[in-house]
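The values are calculated or read from the model by the stated rules, or taken from the named source; none is laboratory data. Just so it is clear, the model here is predicted, and its values are computed rather than measured. Reconstructed Cβ throughout: ideal geometry from the backbone, glycine too, with neighbour counts over all protein chains shown. The protein model used for the area step is the full one, side chains on, heavy atoms only, and it has no ligands, DNA or RNA in it. Shrake-Rupley method; radii C 1.70, N 1.55, O 1.52, S 1.80 Å.
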Amino acid sequence: MPSLCRKCKKELPDGAVYCCWCGIQQNPKRTSRKRGNGGGTAYKRGSTWTAQVTVGYDKTGETNRIIRRTKGGFRTKTDALAYCSRLYDEAQSTRCPSLDEYYQVYSSSEMEKLSDSKRTAYTIAYNKLNDIKYLPINTITIAQLQNLIREKCPTFYPARDMKSLLNHIYRLAAIDSNAKHDLPDLLTLPKLAETEADPFTENEQAKLWNLFESGDPNAAIPLIMIYTGMMPGEMRRLTAEMVDLDGKQIVGVGLKTRTRRKSSVILPDAILPVVEDTIRGVSGSLYPISENAFYNRYYSALSDAGITRHLTPYSCRHTTATALAIDNNVAPQTLKRIMRWSSTRMMDRYVHPDDSDARAAANTLKR
């Protein structure tokens, strides 16, 4: 049986998509009209119509669950659709934002002002909150937060980063009266199991000087770090152009904190000959080698000098602080500038007095 045009009813060739007489499409695809976000939809239930809107998604499970709100009893579909926008606004006004929403506010504002290393630490901490980040923040309990720290952050510093980040997030939520700002303060952190780096003794430093004066260039690595307080990463990025011998300083080598990045490294007179010898004839990086090769040269210097204790590169920085604070009685504020600390509280971590130091200090009290 020949096919006929659905409009003019004239006979069409087999398989014709358009009528060759009136031009109308024979099998047009039907598309449903979509309403905008929050526009909602309506469906008939019995003899009345029900308005329905999507107000969010529950992302806490394995799959995203759509959260909807409905309101029934409308006489016509038009009435139900007209009510959808009001239903959406009512649902949003009573909805509490999730922890993730407050994090997005913080990460795009205040967090941008932090150092690169701190932003990285907070990002890592936030990724460990995946199990709860889409929950309304006013439903998250202290037990849930504590369990996450116990499971995801078994050591002190990652747990401290998570607690600090939560403090920032909850402070924002407290402004909207959606959370108690001090809730993260109740979290218990793992015990700090950090072993303090031992400083070099005077005898060990003398051995390094002997090695350098014998012509071993590797001895310059621990000596420069001991006398300047530079970190291993700063030594590895040090270039000849950063060294200002006339000004007795190193400029632009600082890492990690804002204070270290903007502060120059002070070069004591005692270490100037070592630095001058090290940069002589060098253009660019002083140690254009891999990290492993750098550490190998550091430990070779200690071994060749006859130092048998295992003293890490960070022991150099601890030696600087201990020698200045205890042996030379440098004032805390001056020590803060030399070490490029943001606070004198760092003395608690870097300065290591022993009983003899404490006794000598106590004996300064005179009758």
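Quick notes on this one:
- Exposure here means at most 10 other Cβ atoms within 10 Å; with GluC sites (Glu not before Pro) in a DSSP loop as sites, the longest stretch of the chain lacking them is 195-367.
- Based on C-alpha pairs under 8 angstrom that are at least 6 apart in sequence, the chain has a relative contact order of 11 percent.
- Taking the accessible area of the chain, probe 1.4 Å, and keeping the other protein chains in place, the carbon and sulfur fraction comes to 49%.
- Within the set (i) 148; (ii) 312; (iii) 162, the number that volume of the Cα convex hull per residue in Å³ takes when calculated for this structure is listed as (ii).
- Straight-line cross-link reach from Lys152 at under 25 Å between alpha-carbon atoms covers these lysines, not counting any fewer than eight positions away in the same chain: Lys59, Lys118, Lys128, Lys133, Lys163, Lys180, Lys191, Lys256.
- Relative to the dominant Cα principal axis of the chain, helix 77-93 is inclined by about 20°.
- Using alpha-carbon coordinates, inclination of helix 291-305 to the longest axis of the chain, degrees: 20 degrees
- A helix-only calculation puts the chain at -12500 deg cm²/dmol for mean residue ellipticity at 222 nm, using -39500 (n - 2.57) for each DSSP H run of at least four residues, averaged over all residues.
- Rounded Å value of the spacing that divides the Cα centres of the stretch 320-343 and the stretch 273-295: 26 Å
- Accessible surface computed residue by residue for the stretch 67-216, with neighbouring protein chains in place and a 1.4 Å probe, gives 58 Å² per residue.
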